[in-house]
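Structure first, then comments.
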Amino acid sequence: GGCASTPGTTWEGFLSRRLGIDFVNLGFSGQGWADIAVAEAIAELNASCIVLDHWANICHNPLGYRGSIGPFIKVLRDAMPTVPIILTGPYFYPAEFFNADHHALRKEIRASVRALQKNGDANIHFFDSRKMMGPEETFGTVDGCHPTSLGFYLMAKAFAPALKKLLCL
């Protein structure tokens, strides 16, 4: 939440208060690359749900999204076979008017989730983050990309129903 006005005004902070839940935010600059060491650290947590929101810079991982997410999920599943995992896709970026990179990444994330579901993982889910921030909500960013506290509020408001349903709250 580098552009949030306070630590409590990230989307996780808003969700925590809205739903009365605790959260552990292992946010990394660039949202991480799905490094196995991070999956191993997450696997040590007593989690009720895992939200993987690391699409922004994973393209810089030499393995790419598909090459890195499978091994990452495997580490989590070996430790937590039934914990719900939500993979988020990119929210709307104004740059989408000029290139299709995020559209392709959304398709790739959806395909990864479908493949895992087809292989028997009933607790893996995709959330299209354009519901969090679409073309009408980009005013909640500092630069069309990085959310402000207002952007994080809009993200939490849109994500809360999905998380509430999944956690039976």
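For the reader, a short list of remarks on this structure follows.
- Residues (open to solvent by less than 30 Å² (accessible area, probe 1.4 Å) and over 18 Å from His54 (Cα atoms)) located in region 116-133: Asp121
- On the stretch given as region 48-93, residues that are of a type outside the set (Val, Ile, Thr), open to solvent by less than 50 Å² (accessible area, probe 1.4 Å) and assigned to a helix (DSSP H, G or I) total 8.
- Selected residue (criterion: nearest to Ala104 (Cα to Cα)) from residues of region 36-46 that are out of contact with any Pro (no Cβ under 9 Å at 6 or more places or on another chain) and buried (at least 16 other Cβ atoms within 10 Å of the Cβ): Val38
- Filtered by the rule that a residue be part of a helix (DSSP H, G or I) and of a type in the set (Asp, Glu), region 94-126 gives Glu96, Asp101, Glu108.
- Looking at Glu96, Glu136, just one residue is at pLDDT below 95 and open to solvent by 60 Å² or more (accessible area, probe 1.4 Å), and that residue is Glu136.
- Extreme residue, surrounded by the fewest Cβ atoms within 10 Å (Cβ to Cβ), among residues of region 1-31 that are part of a loop (DSSP other than H, G, I, E, B) and in contact with a helix residue (DSSP H, G or I) (Cβ under 6 Å, 6 or more places away or on another chain): Ser5
Yes/no per residue for (1) under 21 Å from Thr9 (Cβ atoms); (2) of a type in the set (S, T, N, Q); (3) in contact (Cβ under 8 Å) with a residue 60 or more places away in the chain:
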| position | (1), (2), (3) |
| --- | --- |
| Asp78 | no, no, no |
| Ile86 | no, no, yes |
| Ala95 | no, no, no |
| Asn99 | no, yes, no |
| Ser129 | yes, yes, yes |
| Thr141 | yes, yes, yes |
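- Filter pass, Leu169 being outside any strand (DSSP E or B), touching a residue at least 40 places away in the same chain (Cβ under 8 Å) and over 14 Å from the mean Cα position of the chain (by Cα): yes
The values are calculated or read from the model by the stated rules, or taken from the named source; none is laboratory data. This one's a predicted model, so the numbers in the text were calculated from it and none came from an experiment. All Cβ positions, even for glycine, are placed from backbone atoms using ideal geometry, and neighbour counts span all protein chains on display. With ligands, DNA and RNA removed, areas are computed over all heavy atoms of the protein, side chains included. Shrake-Rupley method; radii C 1.70, N 1.55, O 1.52, S 1.80 Å.
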